[in-house]
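The values are calculated or read from the model by the stated rules, or taken from the named source; none is laboratory data. These figures come from a predicted structure and were not determined experimentally. Because the Cβ atoms are built from the backbone with ideal geometry, glycine has one as well, and the counts that use them run over all protein chains shown.
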Amino acid sequence: MIKPASRTTLYEEVTKQIIQMVKDGKWMPGDKIPGEIALSEAFEVSRNCIREALKSLELSGIIKAKPGRGTFLSQDCLRNINRMELLSVLKSESSIKELMETRLIIEPELGFLAAQRADEEDISELEALLKESIETIKKGTYTTEIGLDFHMIIAKASKNNILSKFLSSITDQLLAQRFLNIHRYLDNKELLKEVENHNHILDCIKNRDCEKTKKLLYNHIYDSMKAYENMKLIEKEEN
């Protein structure tokens, strides 16, 4: 049973209720979900609120819009919801900060090595992913996982198997951390900014500029950490 959403929580409560319905088995992977108007009436919120909730769920890989057919739960929706459950583990600001600090220590160095060691296949993978990123933004099907894939390919291109495997081992935590910043991805300008940053990093890798690659990756991750801290500060002020 869908409950009217509280006016104070906007799209976040709608998102949580939809996720709970999937977890409870009321909506199954592959099911078509109601349209904007029906959801707006059921939750008693504006259609704009529903759009934000649906975009958040799509970015998280839980739903998938199919032009001309409607919106469906993805086949991997339960797996992606399980990843979001890691938010409870990352709930404390200290643990989130530690994860971001881990990235700041490891990923710039992986970028440095990738600029030295990336082969043609690695470069081609990164170029293809950037092309896919732009296309999915235009189609409205971009997901946070696509953005993370860029970082994982760089790790592979470093040819340091130990660090690369370590980063792969915490993929779910990294995706959960990106879900915490999901509000940033509701605006296409932010999505395009992320792709632009990735493009600059790729140019440095192609030019074998190790130090600049390292610096750009550090700044890219640091900006994400500051964005989260600013979000938490705003939330505290509002409360």
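Go through Lys193, Lys156 for me and flag whichever is more than 23 Å from Ile63 (Cβ to Cβ), surrounded by 15 or more Cβ atoms within 10 Å (Cβ to Cβ) and either of a type outside the set (A, V, I, L, M) or not assigned by TED's automatic domain parsing to the domain that holds Leu233 (or both).
Working: Lys193 fails: surrounded by 15 or more Cβ atoms within 10 Å (Cβ to Cβ).
Every option except Lys156 fails the conditions.
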| message | Can you say whether Glu44 is surrounded by fewer than 17 Cβ atoms within 10 Å (Cβ to Cβ), in the same structural domain as Asn188 (by TED's automatic domain parsing) and either within 19 Å of the chain's Cα centre (by Cα) or at pLDDT 85 or above (or both), as far as the supplied structure shows? | response | no
| Looking only at the stretch 123-136, which residues are surrounded by fewer than 18 Cβ atoms within 10 Å (Cβ to Cβ) and over 15 Å from Lys206 (Cα atoms)? | Lys131, Glu132, Ile134, Glu135, Thr136
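How many residues, within the stretch 138-148, are part of a helix (DSSP H, G or I) and either outside the structural domain of Leu113 (by TED's automatic domain parsing) or surrounded by 18 or more Cβ atoms within 10 Å (Cβ to Cβ) (or both)?
If we filter the stretch 138-148 for residues that are part of a helix (DSSP H, G or I), which is where we start, we get 138-139, 144-148.
Filter once more, so that each one left must be either outside the structural domain of Leu113 (by TED's automatic domain parsing) or surrounded by 18 or more Cβ atoms within 10 Å (Cβ to Cβ) (or both): 144-147.
Matching residues across the stretch 138-148 total 4.
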| query | Of all residues in the stretch 30-74, which are among the β-branched types (Val, Ile, Thr), farther than 30 Å from Gln173 by Cβ and in a loop (DSSP other than H, G, I, E, B)? | reply | Val45
